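Below is one structure; the comments refer to it alone.
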Amino acid sequence: DPTDQYARLYALDVVEAINGLHLPRYGLQNYALHRPKQSPTEEEARIIRDLARGGRRLMGFCRTNLFKRLESSGYAFLLSVERHVLRNFIFLHALENGLPLPIGAQEAEMLDTGFEDEDVEDAFFSGNSLFDWTDADNDETMQADATMDGAADPVEAYRVRAGEVYQRYRTALRTRFRWLRADLFGPSLKKHLAEDAEHLLHILHKAGRWQPNRDSQLEALYNLLTAEHPNQKVLIFSQFADTVRYLEGQLRARGVTAVAGATGKTADPTALA
């Protein structure tokens with residue numbers, strides 16, 4: 001059914017796009033030059049060695065997580081794709097301007113959903129997301145295809161936003177990252193970042209803006225709560241915090257007020273129960 005949101009995502013071209021991703025940010029060691037014009041400092045060499053230890057495992061986790069998030073909810077999947085695209089453009093911004101690359105947390109546990117329910121692309125910001133495309137006081141993020149709505153050229157919109165976010169990385173959030181000079185990496189890094197962004201932007205364009213009022217899974221859940229179990233407590237389990245927040249917000253919007261969402265960041269889940 002071409003009009004069904006999930007059908008557009010559970011499609012062969014989407015699966016092939018994810019399987020074909022280079023995921024260079026999780027395999028940076030593969031792009032490091034053996035003989036750069038200026039040798040890395042001792043600290044830079046140590047960072048590159050650290051990256052090499054977990055690179056292949058990180059890339060596998062990242063690819064699997066995209067599929068898992070698609071299974072969790074279309075909303076969570078598209079949100080993750082948007083964040084991934086933006087992070088690629090942040091790296092492209094650094095490479096194109098000869099600026100150091102921001103290296104975030106690379107521990108494999110961050111990509112293992114048995115340990116972490118937040119999106120790895122956003123996990124270390126502790127809820128203060130730099131991927132929001134609206135004011136900081138507004139919880140709404142860009143959501144799928146918003147760049148298509150607001151700009152003639154979505155790539156340029158990402159480039160502008162990437163420059164803004166990079167500036168915050170280098171100033172207010174500088175200590176949250178380790179940094180590697182752009183000239184330590186070969187040209188294939190830039191090429192693969194751009195190719196991955198292009199493929200993921202195609203997914204966002206195909207999916208369009210996610211519409212909760214046409215979310216068949218959400219509709220089925222709402223009917224379960226209001227028609228089949230209207231007077232009972234119901235526990236809903238999800239693997240991802242983004243899906244929890246989405247469901248809580250959408251159920252409240254539909255009039256289910258006795259609802260609370262608990263994630264790995266919830267201080268006291270027992271109090272909610």
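The values are calculated or read from the model by the stated rules, or taken from the named source; none is laboratory data. Fair warning: this is a prediction, and the values are worked out from it, not measured in the lab. Ideal geometry is used to build each Cβ from the backbone, glycine not excepted, and the neighbour counts take in all protein chains shown. For the accessible areas, the whole protein counts, side chains as well, though only heavy atoms, and no ligand, DNA or RNA atoms are used. Shrake-Rupley method; radii C 1.70, N 1.55, O 1.52, S 1.80 Å.
Only residues that are closer than 18 Å to Leu70 by Cβ and acidic (Asp, Glu) were counted across the range 209-251, and they come to 2.
Report, by residue number, each residue of the range 1-13 that is open to solvent by 90 Å² or more (accessible area, probe 1.4 Å) and assigned to a helix (DSSP H, G or I). Lay out the reasoning, then the answer.
Keep residues of the range 1-13 that are open to solvent by 90 Å² or more (accessible area, probe 1.4 Å), which gives 1-2, 10, 12.
Across the range 1-13, the qualifying residue is only Leu12.
Suppose we filter the range 18-59 for residues that are farther than 19 Å from Gly186 by Cβ, charged (D, E, K, R) and open to solvent by less than 40 Å² (accessible area, probe 1.4 Å); how many remain? Total meeting the criteria: 0. Residues in the range 94-123 that are in contact with a Lys or Arg (Cβ under 7 Å, 6 or more places away or on another chain) and either of a type in the set (A, V, I, L, M, F, W, C) or open to solvent by 40 Å² or more (accessible area, probe 1.4 Å) (or both) were compared, and the one that is modelled with the lowest pLDDT is Ala108. Meeting the requirement of 1 or more residues that are open to solvent by less than 80 Å² (accessible area, probe 1.4 Å) and free of Cβ contacts under 8 Å to residues at least 24 places away in the same chain, the helices (runs of 4 or more DSSP H) wholly within the range 171-273 are 216-223, 241-253, 269-272. Evaluation of Ala194 against the conditions (1) out of contact with any helix residue (DSSP H, G or I) (no Cβ under 7 Å at 6 or more places or on another chain); (2) closer than 26 Å to Lys206 by Cβ; (3) modelled with pLDDT of 95 or more shows that the sole unmet condition is (1).
The residues of the range 14-56 that are under 22 Å from the mean Cα position of the chain (by Cα) and assigned to a loop (DSSP other than H, G, I, E, B), listed by number, are Gly20, Leu21, His22, Leu23, Gly27.
Against the conditions (1) free of Cβ contacts under 8 Å to residues at least 12 places away in the same chain; (2) closer than 16 Å to Phe185 by Cα, Asp1 satisfies every one except (2).
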